[in-house]
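I have placed the structure first, in the form of structure tokens, so that the comments after it can refer back to it.
The values are calculated or read from the model by the stated rules, or taken from the named source; none is laboratory data. Please read all numbers here as calculations on a predicted model, not as lab measurements. Ideal geometry is used to build each Cβ from the backbone, glycine not excepted, and the neighbour counts take in all protein chains shown. The protein model used for the area step is the full one, side chains on, heavy atoms only, and it has no ligands, DNA or RNA in it. Shrake-Rupley method; radii C 1.70, N 1.55, O 1.52, S 1.80 Å.
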Amino acid sequence: MPVPREMFLSNVWRDGIFKDKVLFCTGGAGTICSMQVRAFVALGGNACITGRNPEKTEKGAADIASVRAGAKVIGIVADVRDMVAMEAAAERCATELGSLDFAIAGAAGNFLAPMSQLSSNAFKTVMEIDTLGSFHTAKAVLPYLVQSVQKHKNSGKEEPTGTGGRIIFISASFHFRGQPLQAHVMAAKAAVDQISSSVAMEYGPHGITSNVITPGPISGTEGMERLSTADARSVKESKAKIPVGRWGEVKEIADATVFLFSDAGSYVNGVVLVVDGGAWRTTGADMGSTWKYPDFFFSGAAVEGVKGGKKSKL
Ligand code: HXC
């Protein structure tokens, strides 16, 4: 579905800054990642997105490609938990589009559950999608990113051929302060942040930059469908607790992505860029939902009214 440009990109970027560059994004048909990729493609690049669901991935790729005449976006079915599949996906991307210059490790899994209802397999599943998946993504793309940065240096002066050799990991802020119902995701995302640190330190000498973007509560996203009940009063309360007084927009994550990939971000390496309106500093345990801390943990109830909840069929 065509998306108006102002929904996924601020009016501060120059068209063509990613001309002839290729972005590889896992989970690229998702509500946040698809906008990051869309912004990159709108500014001149081509892309490969990966996902587990063939129909969603194919449709997502075609949809993103429609943002710019002549854009090439390939949908590749691959599970980030499978290292061989990730290597094959990266190779196919670089072969079919001519290079692989940027990457986003975006695939994630989330649901709300108290530890008492979290099986070993449930914990392992999120660790494997988020943490192992991010590691696999980095391992699969880094050889191509090294090639890219050799052609497109990050010298701090605007290079005639633009930037290349950059990776962004998508994380969350729950482990900064702690978040009930998110034991699995706190563990997984804390590890993701440190995978990015390792890439920053070990591949920085090659010229590669590695950073994390941590989205806060972003309106209209799968993440918020899974984390917050839709009841108007709870949502209003949650917004009031955020320093800027609102949930974010997908465009604000896409803008941060363009910044880190562009010449403006050349000296930014090894950071966690939190794009959340200051939310993590002030939001409490309830996350804009009807379950309240600590009473919920005495109740023995399961989380209801969210996408992916144990009892929901959503
Ligand atoms: C307890 C649950 C559960 C729940 C699943 N499980 N949902 N346990 N409460 N609500 C358990 C299952 O019972 C099973 O354990 C284990 O988890 C694996 O479930 P499967 O369905 O077999 O796994 P799989 O098909 O691989 O699905 C993975 C998934 C699913 C994570 C469970 O939700 C998924 O595919 N999600 C992908 C999309 C997604 O979550 N996007 C959200 C991104 S938002 P047992 O023991 O029964 O075998 C995000 C936050 C951003 O990341 C932060 C913004 C602020």
Inset, instruction - Give the Cα extents of the stretch 113-224 along the principal axes, in whole Å, largest first. - result: 55, 28, 23
Inset, instruction - Would you list the P(r) distribution for the chain, with all Cα-Cα distances sorted into 20 Å bins from 0 and each bin expressed as a whole %? - result: 34, 57, 8, 0
Inset, instruction - Any cysteines in the chain with zero other Cys Cβ atoms under 4.7 Å from their Cβ? List them, or say none. - result: CYS25, CYS33
Inset, instruction - With a ≥ b ≥ c taken as the square roots of the eigenvalues of the C-alpha gyration tensor of the stretch 38-104, please select rounded if a/c is under 1.5 and otherwise prolate if a/b is larger than b/c or oblate if it is not? - result: oblate
Legend entry - Estimated FRET transfer efficiency (ALA190, VAL84; beta-carbon r; R0 35 Å; 0.05): 0.85
Inset, instruction - Take the solvent-accessible surface of the protein heavy atoms, probe 1.4 Å, and return the percent of it on the stretch 84-176 that carbon and sulfur atoms account for. - result: 56 percent
Legend entry - Pairwise FRET efficiency - SER219 versus PHE297, Cβ, R0 = 30 Å, nearest 0.05: 0.60
Inset, instruction - Taking the chain as the reference, fit the longest principal axis to its C-alpha atoms, fit the long axis of helix 250-261 to the helix C-alpha atoms, and give the angle between the two in degrees, 0 to 90, nearest 10. - result: 40 degrees
Legend entry - Carbon and sulfur %, accessible surface of the stretch 197-276 computed with the full protein complex present, 1.4 Å: 56 percent
Legend entry - Per residue value of the accessible surface for the chain (all protein chains in place, 1.4 Å probe), Å²: 45 Å²
Legend entry - Normalised per residue, the volume of the convex hull around the Cα set of the stretch 82-148 (Å³): 79 Å³
Legend entry - DSSP beta bridge pairing in the stretch 1-82, given as percent antiparallel to the nearest 5: 0 percent
Legend entry - the stretch 156-255: trypsin sites (Lys or Arg not before Pro) falling in loop per DSSP and having at most 10 other Cβ within 10 Å: LYS157
Legend entry - Which listed pairs, of LYS59/LYS151; LYS124/LYS307; LYS21/LYS139; LYS124/LYS241; LYS151/LYS189; LYS241/LYS292, have C-alpha distances above 26 Å, in listed order: LYS59/LYS151; LYS124/LYS241; LYS151/LYS189
Legend entry - FRET E, pair ASN121, ALA264, Förster distance 45 Å, beta-carbon r, rounded to 0.05: 0.55
